[in-house]
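K.L.:
Here it is, the structure in full.
Just so it is clear, none of the values below were taken in a lab; they were calculated from the coordinates. Every value quoted in this text rests on a predicted model; they were computed, and no experiment measured them. With ideal geometry, Cβ positions are generated from the backbone for all residues, glycine too; neighbour counts draw on all protein chains shown.
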Amino acid sequence: MSLFRKLFGFKTDKPVEELNPVVRGKYMPEVKVPIDEKFTVNFKANGGKFLYCENLTEVYQNFQHIIDENSWNSENVLLLDENLKDKFKNSNLKSTKVLSEATYFLTTCENLIANDGSLLFSSNQIFEKKLPEFPINVIVFGTTSQITENISEGLRGIKSKSSGRIPTNITAIKHFKSQDDKDFLSYGSSTKNLYLLLLEDL
């Protein structure tokens, strides 16, 4: 994806003058921002920590960097998803299913919402618990194919892949800053210290 190549320093041989944007007239239609770029900008503006991964090897490397950076090697991880537990089986995790015993939560999500940089969860990830009950530290494993334009598209996607059994407890989280940074518009919402391991799968 061109956005990620720009973000992560792929070089170009084009001279500087060719890279300058074309001056647009006021009556020209707005340039449509790519959905992946829109999500990334909004997610980071919400305070989320974003790590782009081209393959699973980079996912595991970046995951270990997060663990090392926060000194979580000997801490319990809340891991409710058996498929995710199998995927990270070589990471030597001390997993638990008891919320109160965990320092951080490793999970997937339903969708990544581009227009506001939020993440959509359901009972597939959090069962019937409420987000404030989970550890403040969250690591989410997601893929670029999960990015949708808005929550409506995300909900339609959940419905289409549920084969008649639509999950319950569907909720979104979009505040990834400390309580001190919250304004009145985010009052009452759950704030998490959130890392996103985003795997390129398109």
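K.L.:
Please go through region 47-98 and pick out each residue that is at positive phi and touching a residue at least 40 places away in the same chain (Cβ under 8 Å).
P.N.:
Here is the first cut: in region 47-98, the residues at positive phi are 47, 71, 92.
G47, the sole residue that qualifies.
K.L.:
Could you check, for region 140-149, whether at least one of its residues is under 17 Å from L194 (Cβ atoms), within 17 Å of the chain's Cα centre (by Cα) and loosely packed, with under 13 Cβ neighbours inside 10 Å?
P.N.:
No, the conditions are met nowhere in region 140-149.
K.L.:
Related question: Need the failing condition index for N115 against (1) within 23 Å of T148 (Cβ to Cβ); (2) free of Cβ contacts under 8 Å to residues at least 40 places away in the same chain; (3) in a loop (DSSP other than H, G, I, E, B), just the number.
P.N.:
So N115 meets the others, but not (2).
K.L.:
Tell me, which residue of region 56-89 that is of a type in the set (D, E) and closer than 25 Å to K174 by Cβ is surrounded by the most Cβ atoms within 10 Å (Cβ to Cβ)? Let's see the steps before the verdict.
P.N.:
Quick first cut of region 56-89, residues of a type in the set (D, E) only: 58, 68-69, 75, 81-82, 86.
Narrowing the set further to residues that are closer than 25 Å to K174 by Cβ leaves 69, 81.
Details: E69: 10, D81: 15.
Here the residue is D81.
K.L.:
Moving on to the next point. Working only within region 90-111, note down all residues that are crowded, with 17+ Cβ neighbours inside 10 Å, farther than 30 Å from L155 by Cβ and of a type outside the set (S, T, N, Q).
P.N.:
Result: L93, single match.
K.L.:
Take residues that are of a type in the set (K, R) and in contact with a strand residue (DSSP E or B) (Cβ under 9 Å, 6 or more places away or on another chain) and tell me which of the helices (runs of 4 or more DSSP H) falling wholly in region 32-99 contain 1 or more.
P.N.:
It comes to 35-45, 82-87.
K.L.:
While we're here: Scan region 30-55 for residues that are surrounded by fewer than 13 Cβ atoms within 10 Å (Cβ to Cβ) and within 19 Å of T107 (Cβ to Cβ) and jot them down.
P.N.:
none
K.L.:
Out of the residues in region 116-139 that are surrounded by fewer than 17 Cβ atoms within 10 Å (Cβ to Cβ) and in contact with a helix residue (DSSP H, G or I) (Cβ under 8 Å, 6 or more places away or on another chain), which is nearest to N46 (Cα to Cα)?
P.N.:
Checked region 116-139; the qualifying residue nearest to N46 (Cα to Cα) is D116.
K.L.:
Which count do you get for residues in region 122-156 that are among the polar types (S, T, N, Q) and assigned to a loop (DSSP other than H, G, I, E, B)?
P.N.:
Restricting attention to region 122-156, the residues satisfying the condition of being among the polar types (S, T, N, Q) are 122-125, 137, 143-146, 148, 150, 152.
From the residues that got through so far, the ones that are assigned to a loop (DSSP other than H, G, I, E, B) too are 122, 150.
Going through region 122-156 one residue at a time, the tally reaches 2.
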